[in-house]
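These notes are about the structure you will find just below.
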Amino acid sequence: MYAPEFLFDRPVDYVTLYHPPAYTAQRRAHYLRLPGRQVAKAVLLAGPVGYLVAVLPATHQVDTDRLAEHLGGPVRLATAEEIADLFRDCEWGVVPPFGTRYGLPTLLDETIAVEDWIVFETNLRAVAIRMRCRDFESLERPRRLRFARKVNPG
């Protein structure tokens, strides 16, 4: 099941966007002709009490040291094998932003404003969803933290 089916009976507005397969959130932004700050990426992390999904702007990366301070223990990026094992209904390497569908807590970086439109990958590399952050929050109930740092280009 990919996100549009999951969202079908939910009381939120969203748009399904189709594009060439994108292997990064920045490439998705390019294909959809959107600024990187409007495209969110989801990352699977292994933390002190298990796995969690972190959602942040495509223009940023997870600051694992900062996140470790918030969570009270070491944090690392999950391996490709761990991702595949947890997200069996997704294409290889895809991490959907709806961690609760998989029994995982979800974190949302504070740099994404409640009223922002965000675009994120579903379980397929060629399908994205566009919705307001407030609607994502009403569905997912993520914990908001500041854990991302902006990537310096070049």
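The values are calculated or read from the model by the stated rules, or taken from the named source; none is laboratory data. In this text, all values refer to a predicted model and were calculated from it rather than measured experimentally. We place every Cβ from the backbone using ideal geometry, glycine too, and count neighbours over all the protein chains shown. Heads up: the accessible areas ignore ligands, DNA and RNA and are worked out on the full protein's heavy atoms, side chains in. Shrake-Rupley method; radii C 1.70, N 1.55, O 1.52, S 1.80 Å.
So here's what we get for this one:
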| quantity | calculated |
| --- | --- |
| Solvent-accessible heavy-atom area per residue, rounded to whole Å², over the chain at 1.4 Å | 52 Å² |
| Segment 1-65 shape via C-alpha gyration tensor axes, a/c threshold 1.5 | oblate |
| Qualifying chymotrypsin sites (Phe, Trp or Tyr not before Pro) for segment 81-127 [loop in DSSP, other Cβ within 10 Å: at most 10] | 92 |
| Debye equation applied to the C-alpha atoms of the chain, log10 I(q)/I(0) at 0.16 Å⁻¹ | -0.84 |
| Euclidean distance of C-alpha centroids, segment 127-141 and segment 6-84, integer Å | 13 Å |
| Unit charges at the beta carbon, dipole of segment 43-94: most positive-side option, 43, 84, 67 | 67 |
| Qualifying trypsin sites (Lys or Arg not before Pro) in segment 35-98, DSSP loop, other Cβ atoms within 10 Å at most 10 | 88 |
| Other-chain or far-sequence residues with amide H under 5 Å of residue 123's (modelled H) | 3 |
| The chain: most fluctuating residue of 55, 95, 15 per GNM, C-alpha cutoff 10 Å | 15 |
| Contact order normalised by residue count of segment 48-154, Cα under 8 Å, 6+ apart, percent | 33 percent |
| Check: the chain dipole with +1 on Lys, Arg Cβ and -1 on Asp, Glu Cβ, in debye | 420 debye |
| Segment 106-152 - percent of accessible surface contributed by carbon and sulfur, probe 1.4 Å | 46 percent |
| From phi via Karplus (6.51, -1.76, 1.60), per-residue ³J(HN,Hα) for segment 35-48 in Hz, x at Gly/Pro | x, x, 5, 8, 9, 9, 10, 10, 10, 8, 10, 9, x, x |
| Whole-Hz ³J(HN,Hα) from phi, Karplus 6.51 cos²θ - 1.76 cosθ + 1.60, for segment 59-73, glycine and proline x | 7, 10, 10, 6, 8, 5, 5, 5, 5, 4, 5, 5, 9, x, x |
| For the chain, built as a Gaussian network whose Cα springs stay under 10 Å, the top-fluctuating residue of 124, 107, 34 | 34 |
